[in-house]
Structure formats: C-alpha cells, structure tokens
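For reference, the structure discussed in these notes is given below.
The values are calculated or read from the model by the stated rules, or taken from the named source; none is laboratory data. The structure presented is a predicted model; accordingly, all values stated were derived computationally and were not measured. Methodologically, a virtual Cβ is constructed for each residue, glycine included, from the backbone with ideal geometry; neighbour enumeration extends over all protein chains shown.
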Amino acid sequence: MSEDRPASGPSGQEQERAADADAWATACAEDLAAEKARRRTEQGPPPGSAAEELRRLVDTVADKLSGLQSPLLGGLAGPAAQQVVRQVVEQAKAAVEPVIERNPDVFDHLAAAGTELLAAYRSAVQSQERRWTTGPAGPKDDRPDRGDGSEGTGPGERIDLD
C-alpha cells in the first residue's frame, strides 16, 4: 500500500492566517506599550502595592521629622532634640519594616477594606444629606394656627402681637 498521501503540514492559507494573527497581536502589544509609556510620562509611575506605599509613607515622614527644626526648644536643646527625633524615627522604621516584609498582602486587604468602608460612609452621608435638603417626607402639619403657608417663605408660625 504505497498510496501517496499529501503532506500533513499546514496549508499556505492556514500559515497566512497564523501570521496575520501574530502581526495583529504584535501591533496591539506595541500600541499598549506605547500608551503605557505615554501615561507614565504624563502621570508619573503607577502606585505600587499598599505595602510599598506604606513603606514610602514611613520613609517620607521619617525624612520630614528628621529635618524638622524645633523653634520651641531653643538653640541649646535643638541638636539634642533632633537626635531624639531621629532615634525615635529609626526605631519606628525598624518596627514597621519587618511587619511590611512578612505581610504585604495584609496591607492590600486593609486598603481594600478601607475603600469599601469609605464607600459605605459616603453612601450613608449622601442619603442623609438628601433627606435634609428635601425635607420631611411625612404628612404636612394641619394645625389651624399655621395658616395656609402663603404668608412668608419660612416654616415658622405667625405670631399675632395684638
């Protein structure tokens, strides 16, 4: 049985489709990389994880506190006070760093929980403000001494002084 079979490789049309798909994917990747580069130049580097952001915050606060000149302590206590501040800052950094190193995902979780808590608070405040600005939704007060409401613009009662 020496039948001649055609080659089992991909046909020319299939190869062309694969090349087109690869070219499309390559063009999309290049466009995406160019857009990311453009945004990085406009907006700066994207924020890192919550642990990295906390580390940067601690470093920034430590730098600011270390460089702080205290006019309250006067000229004599200034260098000694700065040394104490530096020492406290270094101790705080030494305490925070291991926690950040061991539990970076915890800070992401706390950041997400904080975002959700802020959204819930914002929703509660907005609904309360809506109630305050629209007034009570209950039935109108039908007391006879209130008048028909056409006298004045406020909600107060008219008092007869005669």
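Quick notes on this structure:
- For beta carbons closer than 7 Å, sequence separation of 6+ or different chains, a first residue in region 97-114 that is part of a helix (DSSP H, G or I) and a second that is among the charged types (D, E, K, R), the qualifying pairs are I100/R55.
- Extreme residue, modelled with the highest pLDDT, among residues of region 67-87 that are surrounded by 13 or more Cβ atoms within 10 Å (Cβ to Cβ) and assigned to a helix (DSSP H, G or I): R86
- Test: S49 is at negative phi and modelled with pLDDT under 70: no
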